[in-house]
Amino acid sequence: MKFLIILALLAILASLGSALFFMMRKGGDQRDDQQRSRAMLRSLALRVGISIVLFLCILVAAKLGYLHPTGWSPQQ
């Protein structure tokens, strides 16, 4: 399960890096700017989609008992 979470986080970072690449790339004309904007929007939408799916998967895994919360508790 940890491997899948790490893989999803890496995919989120890759998508964010891709959006940064499209944002920083220099364009020549307005049509190229529209294509860059569309590609950047697609990358950011993919990042948001992966984040939502990861969040839902973590919630479901915790509910089914695949993930167990650990760490600090107020009684300690």
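The values are calculated or read from the model by the stated rules, or taken from the named source; none is laboratory data. Since we're looking at a predicted model, the values are computed, not measured. No Cβ is skipped: glycine too gets one built from the backbone with ideal geometry, and neighbour counts run over all protein chains shown. Surface accessibility is based on the protein's heavy atoms, side chains included, excluding ligands, DNA and RNA. Shrake-Rupley method; radii C 1.70, N 1.55, O 1.52, S 1.80 Å.
How far is helix 2-24 tilted off the main Cα axis of the chain, in degrees rounded to 10, range 0 to 90?
Once rounded, one gets 20 degrees.
Within the set of other residues whose C-beta is less than 15 Å from the C-beta of Phe55, count the net charge using Lys and Arg as +1 and Asp and Glu as -1.
Working: positive: Arg47, Lys63; negative: none.
Its environment carries a net charge of +2.
So which chymotrypsin sites (Phe, Trp or Tyr not before Pro) in the chain are both in a DSSP loop and have at most 14 other Cβ atoms within 10 Å of their Cβ?
For chymotrypsin sites (Phe, Trp or Tyr not before Pro) across the chain that sit outside H, G, I, E and B with at most 14 neighbouring Cβ atoms in 10 Å, the list reads Tyr66, Trp72.
Using 1/(1 + (r/R0)^6) with R0 = 25 angstrom and r between the beta carbons of Ile5 and Val48, what's the FRET efficiency to the nearest 0.05?
On the way: r = 17 Å, r/R0 = 0.69.
It comes out at approximately 0.90.
What number, rounded to the nearest 500 deg cm²/dmol, is the helix-based mean residue ellipticity at 222 nm of the chain, given -39500 (n - 2.57) per DSSP H run of at least four residues and division by all its residues? Walk me through the intermediate numbers first.
Details: 2 runs with 58 residues, N = 76.
Estimated from H runs of four or more residues: -27500 deg cm²/dmol.
Kindly report the accessible area of the chain per residue (heavy atoms of protein chains, probe 1.4 Å, no ligands, DNA or RNA), in Å². Each step should come with its number before you reach the end.
Working: 6380 Å² over 76 residues.
Ligands and nucleic acids excluded, the result is 84 Å² per residue.
In whole Å, what are the Cα extents of the chain along the three principal axes, biggest one first?
That gives 61, 25, 19 Å along the principal axes, largest extent first.
Measuring from a point 7 Å past the Cα of Ala61 along Cα-to-C-beta, which residues in the stretch 7-26 have an amide N at less than 18 Å?
Only 7-14 pass the distance filter.
Just to confirm the filter: which trypsin sites (Lys or Arg not before Pro) across the stretch 1-35 are DSSP coil and have at most 13 other Cβ within 10 angstrom of their Cβ? Spell out each step's value before the answer.
Working: sites: Lys2, Arg25, Lys26, Arg31; in loops: Arg25, Lys26.
When the trypsin sites (Lys or Arg not before Pro) of the stretch 1-35 are filtered for loop state and at most 13 Cβ neighbours within 10 Å, Arg25, Lys26 remain.
Mind checking the dipole of the chain: about its Cα centre, +1 per Lys or Arg Cβ, -1 per Asp or Glu Cβ, Debye to the nearest 20? Could you put the intermediate results ahead of the total?
Working: 9 positive and 3 negative charges, 16 e Å.
Dipole about the Cα centre, nearest 20: 80 debye.
Could you tell me what percent of the accessible area of the chain is made up of carbon and sulfur, with a 1.4 Å probe and every protein chain present?
Values: 4420 of 6380 Å².
Carbon and sulfur together cover 69 percent of it.
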